[in-house]
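Here the structure comes first, spelled out in structure tokens, and everything after it is commentary.
The values are calculated or read from the model by the stated rules, or taken from the named source; none is laboratory data. Given the structure is predicted, the values throughout are model-derived calculations rather than measurements. Cβ: placed from backbone, ideal geometry, glycine included. Neighbour counts: every protein chain shown. Heads up: the accessible areas ignore ligands, DNA and RNA and are worked out on the full protein's heavy atoms, side chains in. Shrake-Rupley method; radii C 1.70, N 1.55, O 1.52, S 1.80 Å.
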Amino acid sequence: AEKDLAALREVVEAEAASGGEVLFISERHLVAFHTVEGVALVPEYEVVTLMEKAMSGDQAYLQQFYKDLADHRFAVIVTRKQRVVKKTDEPFSEENNVWIDAVSGPLLCYYERSLTLESSNTLLLVPSPSQTRQDCP
């Protein structure tokens, strides 16, 4: 866990120091408790808010999120590993499927995996140079 935290800190703090905006969708406690320095929280795209807006179908909010992804607003995005397989026979499968459609799909279309921290199932994403608005939602 310490090794993973050091790797996350190195990537995130370097991007923040060079002026890149870093989005913590999850693991926001690392910023709140100053485990990671130099990063400002982006309040509008926290995991609970994203899920609430996805479940309610708030298209204005989601379209702004997709625009920010398409514009590569964020130099790095920190999130949990993203599921991409829809479920039908599990508890909360509806929420899983809405998340995939509204968040995981677009997120993994405009951004690509840079680093996976196995100890916490944390994923660091960076802009994907090969994806364009025509390819993604």
Any idea which of C136, A16, W99 is furthest toward the positive side of the dipole for the chain, if Lys and Arg beta-carbons carry +1 and Asp and Glu beta-carbons -1? C136
Looking only at lysines whose Cα falls under 21 Å of K87's and that sit 8 or more positions away or on another chain, we get K53
At 1.4 Å probe radius, can you tell me the per residue accessible area of the chain in Å²? 54 Å²
Within the chain, which is the longest segment that contains none of the chymotrypsin sites (Phe, Trp or Tyr not before Pro) sitting in a DSSP loop with at most 12 other Cβ atoms within 10 Å? 34-91
The helix 2-17 Cα axis meets the longest alpha-carbon principal axis of the chain at an angle in degrees, between 0 and 90 and rounded to 10, of 90 degrees
Please identify, among S120, S26, S18, the residue showing maximal mean-square fluctuation in a Gaussian network model of the chain using a 10 angstrom Cα cutoff. S18
Carbon/sulfur accessible area of the range 1-114, % of total, 1.4 Å probe, equals 54 percent
With n ≥ 4 as the cut-off for DSSP H runs, can you work out [θ] at 222 nm for the chain, using -39500 (n - 2.57) per run divided by the number of residues, rounded to the nearest 500? -11500 deg cm²/dmol
Simple Cβ-charge dipole of the chain, Lys/Arg +1 and Asp/Glu -1, about Cα centre, in debye nearest 20: 220 debye
Of all beta bridges DSSP finds with both residues in the chain, what is the antiparallel percent, to the nearest 5? 75 percent
Sorted by chain and then number, the residues having a modelled amide H within less than 5 Å of the amide H of E112, at least 5 places away or on another chain, are V126, S128
A14 neighbourhood, Cβ < 14 Å, K/R = +1, D/E = -1, net charge -4
Counting pairs of alpha carbon atoms under 8 Å apart in space and at least six apart in sequence, what relative contact order in percent does the range 1-114 give? 27 percent
Straight distance only, please: which aspartates and glutamates reach the Cα of K81 with their own Cα at less than 14 Å, same-chain residues fewer than 8 apart left out? E27, E112, E118
Cα atoms only: what Rg and Dmax, in Å, come out for the chain? 14.7, 45
Just to confirm the number: angle between the C-alpha axis of helix 59-70 and the first principal axis of the chain, 0 to 90 degrees, nearest 10? 50 degrees
